[in-house]
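As structure tokens, the structure follows; a few thoughts come after it.
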Amino acid sequence: MDLRDFYLLAALIACLRLDSAIAQELIYTIREELPENVPIGNIPKDLNISHINAATGTSASLVYRLVSKAGDAPLVKVSSSTGEIFTTSNRIDREKLCAGASYAEENECFFELEVVILPNDFFRLIKIKIIVKDTNDNAPMFPSPVINISIPENTLINSRFPIPSATDPDTGFNGVQHYELLNGQSVFGLDIVETPEGEKWPQLIVQQNLDREQKDTYVMKIKVEDGGTPQKSSTAILQVTVSDVNDNRPVFKEGQVEVHIPENAPVGTSVIQLHATDADIGSNAEIRYIFGAQVAPATKRLFALNNTTGLITVQRSLDREETAIHKVTVLASDGSSTPARATVTINVTDVNDNPPNIDLRYIISPINGTVYLSEKDPVNTKIALITVSDKDTDVNGKVICFIEREVPFHLKAVYDNQYLLETSSLLDYEGTKEFSFKIVASDSGKPSLNQTALVRVKLEDENDNPPIFNQPVIELSVSENNRRGLYLTTISATDEDSGKNADIVYQLGPNASFFDLDRKTGVLTASRVFDREEQERFIFTVTARDNGTPPLQSQAAVIVTVLDENDNSPKFTHNHFQFFVSENLPKYSTVGVITVTDADAGENKAVTLSILNDNDNFVLDPYSGVIKSNVSFDREQQSSYTFDVKATDGGQPPRSSTAKVTINVMDVNDNSPVVISPPSNTSFKLVPLSAIPGSVVAEVFAVDVDTGMNAELKYTIVSGNNKGLFRIDPVTGNITLEEKPAPTDVGLHRLVVNISDLGYPKSLHTLVLVFLYVNDTAGNASYIYDLIRRTMETPLDRNIGDSSQPYQNEDYLTIMIAIIAGAMVVIVVIFVTVLVRCRHASRFKAAQRSKQGAEWMSPNQENKQNKKKKRKKRKSPKSSLLNFVTIEESKPDDAVHEPINGTISLPAELEEQSIGRFDWGPAPPTTFKPNSPDLAKHYKSASPQPAFHLKPDTPVSVKKHHVIQELPLDNTFVGGCDTLSKRSSTSSDHFSASECSSQGGFKTKGPLHTRQ
């Protein structure tokens, strides 16, 4: 079994004895002088270490850490993440690493190191042995560059003389392998003798007889070579001196001697007495003892050799632990050329003179010699790797290790001479903040020697207690208009931790821009001037944070209430209040409410109101601000009232302010529009065929003596424009052409125009007839006036073009009669229809003439239910119409052009052009046919007015409240319009043609049709 097998067997036995899950051993072999970063091995791969946690099945991140002694220059390095081992920049020199040791080729030069695997859950201690193989990095060298040898002149041929051997720090085949004599001059040769120890001794062979008298000195060179690759060599000068004859050399009694001496032998102790004899006599028999050239200098320093007696003694203290075996070569020379050689092996025996050594290498790096642990560290936290050793051997070198006293730490053996220092229980900073204990290593010698190592462990406080406020809610009060920097309070919190974990800093939370807080003292001050009217209460948080890692914090709520001062005067919502009341508002009615505010609080905001300069026209409630009238309003007498109101608060001293109040008397819509143009019902406008679209062909103009929206008018064509030839501007009343007239449009056109105001709550309206004669000329005016009179018999909802055409063009009438004659069936139907209508009209005229003069009629209004989904339609008062108008209505088919059909019966007053009188009194109800529609929703009378007379062809006169026009009665119709929705001054127009239609003596027959 060689040495390597022995090491492997020892490692196997150690692994069987120790916990394989904690301690394992690896052996690697490398060559010396390797460059940096050369891979040596892979710990997880070589030990088949899994990175998977067997308990949880999750991947773990292992850390590989080389356990090294402080100050050591590491020869290898270990990757902390992968566990790979690499060489470092510190070159591994085998000769330096194993200097002083007698390593033969079969012996190993190695060094050991330890690697730990963290974390604790995966902890392992790996002991690694790295065997360093020799490389040929040293050349063999002779002891001296010049070697002197003396050879007697009577030396026989083939006589041999030893040459000092060359030495090579390398081993094995890299050591000395070959000697060569250069320039031997055929007198000398060279032979190599190999000793039992494997050393090669060169010997000089005399090949010719020597004659000192002829030549007494020979100078040659000797070369030595090793067996490495590349081969290294060196040379020395070999100088041979031929001496006189001494033919007997000394002889030792024993050529090999082995002695034992204890390492504590005092200086001067005899080791061995060597004795050599010489057969010569005289001076040639005088023997001198010297150390051979192969004796190491260190050995020569430890032992002294008496040159005369051959006694070897101890001249310096021995240390077995440094060198246990010394091999000494002693030469005995009588002056002849060949001395006698004896080899003395001195074995230094062990005594218990070395105390155990404690090598304490920290896994947790200490600070100034103290290891700092957190109180939250778990049990079995690794602190240090302790290696104990003893340079002594056998019993003297057997060491035990223990902790001197009871502490929450223990030593866990991982190898025979290595221990892990671990925590044995949970640590409590509050119980004990610091531990100081000794680790004792004691050998088994007699007497026993021991060594101690002091370990200091300080616990670090864990920041596990947040700061606690004395009050979780801090309530303060401060008066407004304070000075900046005003002290408010001191906020305080405590922390049960210690050190920096108990150092508290304070910080304001959001919404605290009006405050400053001293971070150290907790003093809270006001950074701004408070204004209670802007903000009465401040609610914010204060954070107390310690300086632990991670820091802990807690919060307290701070409520600062700002106390009021009377620093604000009452403030009206308006500097000038304007109220609008109807002129018919009764006395003691509420006309408005004065609103006033005071930004102060409590009594400072209690406001009373009073009127300053009113003549008892109004009464003001001093607390509610309600203004009530003390007079009856008449807009014609006084349209507005103005006075000042004063507001006074209840502060000390009181503050006040004033505002102006204006009561505006609003107009009531009690006047209908009055037509100015056209001047009469018999007038007409000529529309030439050459007129272009967009040109104004007629104007309708009316005025309303009311004010505001009650006087705003809207013009709408409600009948006579079913061809869409004309268009009326709803604002100006200008009638324009929509398209160029065609020959089929020639003739008289009658437009029924409704003029309605935008009054509220009831809209009033007036109807006017506009006649337009489409032709190139109007040569026969009397003919046109005759057509106008005849159109009065045509219902207002029908186009007069069909009935007026026979009067306009006799040729056209003839053609029409011929066509009618060819269609007898159509004529019969038309005849029957006309007959029925004539009978109905005759009965209606008779009934109308039996009623009083020219009183207005108001048809019963039917309740419509077709728009009840979103609002209920309001019923309007029935309209008063001229006594010659009869209205019937059918349901509309179109939202814009509602079907209108009517018949006008001219009374005797109109035929005689006499003065007609309007009677605004109530009219008797009119009975309608069951299926006739009610048009009263479009044309309803306004509130009753005083009666007035119209004279034809008289100029218009203007009075205070009414504009009176003089038109023939057949051109003026007065009515009312429903308001579908309540409107304001900014509301859109609700009175379109779809909402208002003519109201008069109509009978509806069918819908109107627009021009296609």
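The values are calculated or read from the model by the stated rules, or taken from the named source; none is laboratory data. Remember, it's a predicted structure, so these values are computed and weren't measured experimentally. Virtual Cβ from ideal backbone geometry, glycine too; neighbours counted across all protein chains shown. Accessible surface areas use protein heavy atoms only, side chains included; no ligands, DNA or RNA. Shrake-Rupley method; radii C 1.70, N 1.55, O 1.52, S 1.80 Å.
May I ask you to list the residues in the range 129-155 that are under 28 Å from residue 417 (Cβ atoms) and either out of contact with any strand residue (DSSP E or B) (no Cβ under 7 Å at 6 or more places or on another chain) or open to solvent by 60 Å² or more (accessible area, probe 1.4 Å) (or both)? Selection gives 133 alone.
In this structure, does residue 476 turn out to be assigned to a strand (DSSP E or B), free of Cβ contacts under 8 Å to residues at least 24 places away in the same chain, open to solvent by 30 Å² or more (accessible area, probe 1.4 Å) and not small (Gly, Ala, Ser)? So residue 476 does not fit the description; no.
Checked against (1) closer than 30 Å to residue 412 by Cα; (2) open to solvent by 10 Å² or more (accessible area, probe 1.4 Å), residue 126 passes all but a single condition, namely (2).
Each residue in the range 243-268 was checked for being of a type in the set (Gly, Ala, Ser) and at pLDDT 90 or above, and 2 pass.
Scanning the range 582-592 for residues that are more than 30 Å from residue 635 (Cβ to Cβ), surrounded by fewer than 16 Cβ atoms within 10 Å (Cβ to Cβ) and out of contact with any strand residue (DSSP E or B) (no Cβ under 7 Å at 6 or more places or on another chain) turns up nothing. Could you list all residues from the range 411-443 that are closer than 14 Å to residue 456 by Cα and at pLDDT 90 or above? Within the range 411-443, 421, 422, 423, 434, 435, 436, 437, 438, 439 meet the criteria.
Check 561, 543 and return the single one that is closer than 18 Å to residue 477 by Cβ, part of a strand (DSSP E or B) and touching a Ser or Thr at 6+ places or on another chain (Cβ under 9 Å). Unique residue meeting the criteria: 561. Scanning the range 710-736 for residues that are of a type in the set (A, V, I, L, M, F, W, C) and surrounded by fewer than 18 Cβ atoms within 10 Å (Cβ to Cβ) returns 711, 731. Of all the residues in the range 605-618, those that are outside any strand (DSSP E or B) and open to solvent by less than 30 Å² (accessible area, probe 1.4 Å) number 1. Among the residues of the range 81-90, are any at pLDDT below 85, acidic (Asp, Glu), touching a strand residue (DSSP E or B) at 6+ places or on another chain (Cβ under 7 Å) and not assigned by the TED database to the domain that holds residue 422? No: zero hits. The C-beta contact set for the range 304-319 (first residue at positive phi, second residue part of a loop (DSSP other than H, G, I, E, B), distance under 7 angstrom, 6+ apart or interchain) comprises 310/274; 310/275.
Taking the numbered list (1) touching a residue at least 60 places away in the same chain (Cβ under 8 Å); (2) within 11 Å of residue 748 (Cβ to Cβ); (3) open to solvent by less than 20 Å² (accessible area, probe 1.4 Å) in turn, residue 778 passes all entries but (3). Residues being outside any loop (DSSP other than H, G, I, E, B), in contact with an Asp or Glu (Cβ under 6 Å, 6 or more places away or on another chain) and open to solvent by 40 Å² or more (accessible area, probe 1.4 Å) are entirely absent from the range 156-172. Checking each residue in the range 260-292 for being assigned to a strand (DSSP E or B) and either open to solvent by 50 Å² or more (accessible area, probe 1.4 Å) or aromatic (Phe, Trp, Tyr) (or both) picks out 260, 262, 270, 273, 277, 288, 289, 290, 291. Please count how many residues of the range 785-812 are at pLDDT 55 or above and open to solvent by less than 70 Å² (accessible area, probe 1.4 Å). Within the range 785-812, residues that are at pLDDT 55 or above and open to solvent by less than 70 Å² (accessible area, probe 1.4 Å) number 12. Filter the range 490-516 for residues that are open to solvent by 30 Å² or more (accessible area, probe 1.4 Å) and part of a strand (DSSP E or B); which is farthest from residue 461 (Cα to Cα)? Per the criteria, the residue is 516.
Could you check, for the range 104-120, whether at least one of its residues is more than 30 Å from residue 361 (Cβ to Cβ), in contact (Cβ under 8 Å) with a residue 60 or more places away in the chain and open to solvent by 50 Å² or more (accessible area, probe 1.4 Å)? Yes, there is a match, as at least one residue in the range 104-120 is more than 30 Å from residue 361 (Cβ to Cβ), in contact (Cβ under 8 Å) with a residue 60 or more places away in the chain and open to solvent by 50 Å² or more (accessible area, probe 1.4 Å). Restricted to the range 308-338, and to residues there that are farther than 24 Å from residue 250 by Cβ and outside any loop (DSSP other than H, G, I, E, B), the residue that is most open to solvent (accessible area, probe 1.4 Å) is 325.
The residues on offer are 295, 251, and the sole one that is open to solvent by less than 20 Å² (accessible area, probe 1.4 Å) and in contact (Cβ under 8 Å) with a residue 12 or more places away in the chain is 295. Being open to solvent by less than 30 Å² (accessible area, probe 1.4 Å) and either outside the structural domain of residue 472 (by the TED database) or of a type outside the set (Lys, Arg) (or both) holds for only one residue in 548, 602, and it is 548. Remark: residue 577 matches the filter, which requires a residue to be under 30 Å from residue 707 (Cβ atoms), assigned to a strand (DSSP E or B) and among the hydrophobic types (A, V, I, L, M, F, W, C). Among the candidates 203, 231, the residue that is more than 60 Å from the chain's Cα centre (by Cα) and assigned to a strand (DSSP E or B) is uniquely 203.
Yes/no per residue for (1) hydrophobic (A, V, I, L, M, F, W, C); (2) over 24 Å from residue 341 (Cβ atoms):
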site: 214; (1), (2): no, yes
site: 221; (1), (2): no, yes
site: 242; (1), (2): yes, no
site: 249; (1), (2): no, no
site: 255; (1), (2): no, no
site: 263; (1), (2): no, yes
site: 274; (1), (2): yes, no
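Tell me, which residue of the range 198-216 that is open to solvent by less than 40 Å² (accessible area, probe 1.4 Å) and closer than 12 Å to residue 151 by Cα is modelled with the lowest pLDDT? Only one residue fits best here, namely 210.
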